[in-house]
Amino acid sequence: MNIKHQTLGEFIIENQNAFSYSSGELTKLLNGIGLATKIVNQEVNKAGLVDLIGEVGEINVQGESQQKLDLIANKTFIDTLSKREIVCGIASEEEESFISINSQDKNHQNKYVLLIDPLDGSSNIDVNVSVGTIFSIYRRVTPVGTPVTIDDFLQKGRDQIAAGYIIYGSSTMLVFSTGHGVNGFTLNPGLGTFYLSHPNMRQPEDGSIYSVNDANSEFFEQGVNDYLSYCKKSNGQRKPYKARYVGSLVADFHRNLIKGGIYMYPGTVSDKNGKLRLLYECNPIAFLATQAGGEASDGKNSILDIEPTELHQRTPFYTGSINMIEKLHEFLGTK
Ligand code: P6P
């Protein structure tokens, strides 16, 4: 048993005074996310045994076919956090609009809003490849005591109070930051407890792994393809980089965070903003990347400085080791 590792609960209590706007609410919110994660983890781990794999037969707001586990994960996070009256609003990849959360006696007193991709990479579930949950937390900007509005969700990534992801992989890990570095917790499924297994995670400044769906390269701008050619070339100093692409952002990002590397989802001729969603995929991952000493850009500017205009807006997305991002920008002519 990991008795030497601090538990998630102990860690949160020990560090809650460092949280911006230190208040019990953020502590409750992070613990609520930990609880919802354990419930989703159980469903993901038994998906093949009960009729939980496969598609629902519905299309979500993104125009993507919904997996059964997408809906279960979405409902689990929304129900768990709504019942605890911790947040005043939730926006989800699986919901067309945001959800205002208030029980009569609370009168919209909660301070935080949550944005979430409940199960990213869910098309991988049927083939037992790692999937993940991604979350982003802001302090509301409209007056406490009033219902949340879209303005509470359309905030720049730099203003996040906290962000993180869960990776349901060979082990289940919760990785998050409250603006004071990045810490990773591994779930001991036998005990149902998260233990601090990766304290103060730092992304190596350099790496030799690139993650991209190469099949789309004929539609990439020239600078992206020039950078990919650079990655594949050996020269006197180095061998070609390794190509690693799981098809789950969380899995690719987690590996590159630990080993060093770059993840790319460029825009294309037909989809200039690419595929990934700014508010609940790119911003939280960008927050973690920068907190760990890495970088995240849209090819020109920091992801964290993009002024959002729509809940489900997309952006080209490049994140990883800071020297790899800089080299990419050289090829894009945006350095
Ligand atoms: P493609 C999953 O749908 C996702 O949003 C990311 O997790 C993943 O990196 C990407 O899309 C995969 O997209 O077009 O390469 O299959």
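The values are calculated or read from the model by the stated rules, or taken from the named source; none is laboratory data. These figures come from a predicted structure and were not determined experimentally. Every residue, glycine among them, receives a Cβ derived from its backbone with ideal geometry; neighbour counts consider all protein chains shown. When the accessible area is computed, the model is the full protein with side chains, heavy atoms only, and any ligands, DNA or RNA have been set aside. Shrake-Rupley method; radii C 1.70, N 1.55, O 1.52, S 1.80 Å.
Per residue, how much accessible area does the range 209-332 show when a 1.4 Å probe rolls over the protein heavy atoms, in square angstrom?
Normalised by residue count, the accessible surface of the range 209-332 is 41 Å².
Using a cut-off of 23 Å between alpha-carbon atoms, which lysines can reach Lys111, once sequence neighbours fewer than 8 places away in the same chain are excluded?
Lys28, Lys75, Lys83, Lys156
Determine how large the accessible area of His198 is when every protein chain is in place; take a 1.4 Å probe and give Å² rounded to the nearest 10.
Near enough 60 Å² of accessible area.
What ranking do 161-167, 36-42 get when scored by the average of other Cβ atoms within 10 Å per residue, highest first?
Most protected by this proxy first, the peptides run 161-167, 36-42.
Starting from the amide H of Arg140, placed 1.01 Å from N in the peptide plane, find each other amide H under 5 Å away whose residue is 5 or more places distant or on another chain.
Here Tyr112, Val113 satisfy the definition.
Compute the projected area of the convex hull of the Cα atoms of the chain, averaged over all viewing directions, and report it in nm² to one decimal place.
Mean orientational projected area (the chain, Cα hull): 17.5 nm².
With θ set to phi - 60°, apply the Karplus curve 6.51 cos²θ - 1.76 cosθ + 1.60 along the range 263-272 and write out the HN-Hα couplings as whole Hz, x wherever there is a Gly or Pro.
In residue order, the calculated couplings are 10, 10, 10, x, x, 10, 4, 8, 10, 5 Hz.
Go through Arg84, Arg238 and list them by solvent-accessible area, largest first, probe radius 1.4 Å.
Accessible-area ranking of Arg84, Arg238, largest first: Arg84, Arg238.
Identify which of Gln222, Gln109, Gln155 has the largest mean-square fluctuation in a Gaussian network model of the chain, with springs joining Cα atoms closer than 10 Å.
For the chain, modelled as a Gaussian network with Cα springs under 10 Å, the answer is Gln222.
Which value, in debye to the nearest 20, describes the size of the charge dipole of the chain about its Cα centre when Lys and Arg Cβ atoms bear +1, Asp and Glu Cβ atoms bear -1, and nothing else is charged?
The calculation lands at about 1080 debye.
What does the highest-first list of 199-207, 140-148, 282-290, 261-269 look like by mean Cβ count within 10 Å?
Packing proxy ranking, top to bottom: 282-290, 261-269, 199-207, 140-148.
For the range 291-306, take each phi angle, set θ = phi - 60°, evaluate the Karplus expression 6.51 cos²θ - 1.76 cosθ + 1.60, and give the result in whole Hz per residue in order, putting x for glycine and proline.
Couplings: 5, 9, x, x, 8, 8, 9, 9, x, 9, 10, 4, 3, 5, 9, 6 Hz.
Considering only Phe153, Phe185, Phe219, give the residue with the highest GNM mean-square fluctuation for the chain, with springs between Cα atoms whenever their separation is below 10 Å.
Among Phe153, Phe185, Phe219, the largest GNM mean-square fluctuation belongs to Phe219.
Per residue, how much accessible area does the range 3-198 have with a 1.4 Å probe, in Å²?
I get 41 Å² per residue for the range 3-198.
Mind listing which GluC sites (Glu not before Pro) in the range 228-325 are in a DSSP loop and have 15 or fewer other Cβ atoms within 10 Å?
Those that pass, being in a loop and sparsely packed, are Glu310.
When you count, for each residue, the other Cβ atoms within 10 Å and take the mean per peptide, how do 319-325, 27-33, 122-128 rank with the highest first?
Order by mean packing, descending: 319-325, 27-33, 122-128.
Residue by residue through the range 313-320, what is 3J(HN,Hα) from phi via Karplus (6.51 cos²θ - 1.76 cosθ + 1.60, θ = phi - 60°)? Round to whole Hz and write x for glycine and proline.
Along the range 313-320, the couplings run 5, 10, 8, x, 9, 9, 8, x Hz.
Tally up the carbon and sulfur contribution to the accessible surface of the chain as a whole percent, 1.4 Å probe, everything protein left in place.
Carbon plus sulfur share of accessible area: 48 percent.
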